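Heads up, the thing below is written out as structure tokens.
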Amino acid sequence: MSDSDPNFGISRRDQKSVGTRGWQVRFQRKGVRYGRFFSDSAWGGQTGSLNRARQFRDRLLARAERAERLSAASSRSHTVPASRNRSGVVGVTRIVQKSANGTEYHFWQASWTSSDGDRKMVRFSVLKHGDEAAFELACVARRDAMR
């Protein structure tokens, strides 16, 4: 079933044993489940409840599509660092690696997703460049990669 099917996400429920007759709306978008039952008796029969179920489903689909468009637009625009971000720059983080003998290596790392969907990263050594220069190099590398 596809979104273009007039009854997408809608199924008939007739349970004579408990007197339940109506249309069930159920679908999922981006991990969020939507659902509601429309009883024939509450909506003037089988046709009325089907029409109401379709209206409900169409409103929810339109709302979900708007939210998806807004989310996509905001991810293309300026990105705000998460509250747990310590560098203050999205995609730039300080890395400390320990070798087997206990030696610590400090880096500033820039990471991003390429246009073909691959995860990319580059590291700049604090020992080689100094802390501030390594940070700046990581920021420039990420900014250039995001263009």
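Odds and ends about this structure:
- Residue selected from the stretch 37-71 under the condition at negative phi and not in a helix (DSSP H, G or I), by the criterion surrounded by the most Cβ atoms within 10 Å (Cβ to Cβ): PHE38
Matching residues to (1) modelled with pLDDT under 85; (2) closer than 14 Å to ARG12 by Cα; (3) of a type in the set (Ser, Thr, Tyr):
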{"position": "THR47", "(1), (2), (3)": "no, yes, yes"}
{"position": "ARG52", "(1), (2), (3)": "no, yes, no"}
{"position": "ARG59", "(1), (2), (3)": "no, no, no"}
{"position": "GLU65", "(1), (2), (3)": "yes, no, no"}
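- Members of the stretch 95-130 that are assigned to a helix (DSSP H, G or I) and free of Cβ contacts under 8 Å to residues at least 12 places away in the same chain: LYS128, HIS129
- Filtered residues of the stretch 8-49 (kept if free of Cβ contacts under 8 Å to residues at least 12 places away in the same chain and either within 27 Å of the chain's Cα centre (by Cα) or not assigned by TED's automatic domain parsing to the domain that holds GLU65 (or both)): GLN28, GLY31, ARG33, GLY35
The values are calculated or read from the model by the stated rules, or taken from the named source; none is laboratory data. All figures in this text were calculated on a predicted structure; none of them were measured in a lab. Here Cβ is always computed from backbone atoms with ideal geometry, including for glycine, and neighbour counts include all displayed protein chains.
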